[in-house]
1. Please pick out the residue among Arg150, Arg161, Arg113, Arg157 that is touching a Pro at 6+ places or on another chain (Cβ under 9 Å), part of a helix (DSSP H, G or I), basic (Lys, Arg) and in the same structural domain as Ile23 (by TED's automatic domain parsing).
2. Output the residues belonging to the stretch 254-271 that are without any contact (Cβ under 8 Å) to a residue 40 or more places away in the chain and surrounded by fewer than 16 Cβ atoms within 10 Å (Cβ to Cβ).
3. For the stretch 166-177, how many residues are closer than 21 Å to Ala22 by Cα and without any contact (Cβ under 8 Å) to a residue 24 or more places away in the chain?
4. Of the residues that sit in the stretch 1-34 and are more than 10 Å from the chain's Cα centre (by Cα), of a type in the set (Gly, Ala, Ser) and near the ligand (Cβ under 10 Å from one of its atoms), which one is modelled with the highest pLDDT?
5. Can you name the residue in the stretch 185-201 that is surrounded by fewer than 18 Cβ atoms within 10 Å (Cβ to Cβ) and touching a residue at least 40 places away in the same chain (Cβ under 8 Å) and, of all such residues, is farthest from the ligand (Cβ to nearest atom)?
6. Checking Lys180 against (1) within 16 Å of Gly21 (Cα to Cα); (2) in contact (Cβ under 8 Å) with a residue 24 or more places away in the chain; (3) within 17 Å of the chain's Cα centre (by Cα), which test does it fail?
7. Looking at the stretch 77-122, which of the residues that are within 22 Å of Glu307 (Cα to Cα) and charged (D, E, K, R) is nearest to the ligand (Cβ to nearest atom)?
Amino acid sequence: RQRVFSGIQPSGNLHIGNYVGAIKNWVAIQERYENYFCIVDLHALTVPQDPKELRRKIREVAAIYLASGLDPQRCVIFRQSHVSAHAELTWLLNCIARFGELSRMTQFKDKARKEGTESASVGLFDYPVLMASDILLYNAHLVPVGDDQRQHLELTRTLARRFNNLYGETFVVPEAMILKTGARVMALDAPNEKMSKSSPRPASYVAILDDPDTVRRKIRRAVTDSGTEIVAREDKPAITNLLDIYAAITGKTVPELEEQYRGRGYGEFKKDLAEVVVEALAPIRERALELLENPGELEELLEAGAERARKAAAPALHAARAKMGLG
Ligand code: AQP
């Protein structure tokens, strides 16, 4: 069976972008593949984190994975820092990755600009190499991610090919799996920016754990465009984004929704969208809060996942070390 790898950073409040761009798809495909779904806590350290808060967020991500329907019988669910092979392979790949290609990564440029490039961590610069290690360690064929990760995935493919050319066939060259709707959800208050969980503006995202009234309020206050038509068009980035969210959650197409809302107003459209989102998120939220009452169980589950992941990752790490002349 083909292998799938994907992950989310426990670096803030998981939002509907993470849900429709990633988790929802993982749940849909879990029957078909051998799945590795990771909580990428080493990636979260690339920007400053409060240790206590990070520990809490890691459990929260685990609870959201399970509550969304990922089944630990079908998926290996684990945290990155508990499988040391991720850090080890990163070092090996660092030595074939190039300064120039990492300098061109737009996520680094965007995030480093916010912190000030001089004081951005070396970890933030190296983020894509750690991501390449995550994927290549499991010889994953497919990587279901949002559109924002396309460039990082291309770098993973480059590093896999380069390693194979230098040292002989070792890694599977993975493919991105990016959906048409929901792959790039934009901020509710600024539709030209990606919805981001580390945003300091809670109004910019709907968190998966927001209570129903908060979801309704945030969607009611989401910015709209001038005019009254409910259509997806370049000059209507805000309405396009809301239509895209609606489509991704319900499985309807954007043209179907445009037809359904022809001649109706923004207010009514947003009200319906709010209910659609509440209906999708409320059961996940309830189940996640229940799971979080039992941190011991979550820890056990993550440890069992780590054990399986360590076994699965060992052969690729050994092969890479041996081929480079180590061990
Ligand atoms: N806005 C988005 N629309 C669709 N998919 C998205 N993803 C993230 N944002 C959106 C997808 O969610 C997965 C996990 O992302 P991540 O944790 O690796 O971090 P990120 O892409 O950097 O996400 P955020 O929310 O913007 O986090 P911060 O603010 O911490 O950087 C990935 O599959 C991603 O594509």
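1. Details: Arg150 fails: touching a Pro at 6+ places or on another chain (Cβ under 9 Å); Arg161 fails: touching a Pro at 6+ places or on another chain (Cβ under 9 Å); Arg113 fails: touching a Pro at 6+ places or on another chain (Cβ under 9 Å).
Arg157 is the lone residue from the list that is touching a Pro at 6+ places or on another chain (Cβ under 9 Å), part of a helix (DSSP H, G or I), basic (Lys, Arg) and in the same structural domain as Ile23 (by TED's automatic domain parsing).
2. Across the stretch 254-271, the qualifying residues are Pro255, Glu256, Glu259, Gln260, Arg262, Gly263, Arg264, Gly265, Gly267, Glu268.
3. 1
4. The residue in question is Ser11.
5. In this case the residue turns out to be Asn192.
6. All conditions are met except number (2).
7. Looking at residues that are within 22 Å of Glu307 (Cα to Cα) and charged (D, E, K, R), I get Arg79.
The values are calculated or read from the model by the stated rules, or taken from the named source; none is laboratory data. Keep in mind that what you see is a predicted model, and the values were worked out from it rather than measured. A quick note on method: Cβ atoms are made from the backbone with ideal geometry, for glycine too, and the neighbour counts reach across all protein chains shown.
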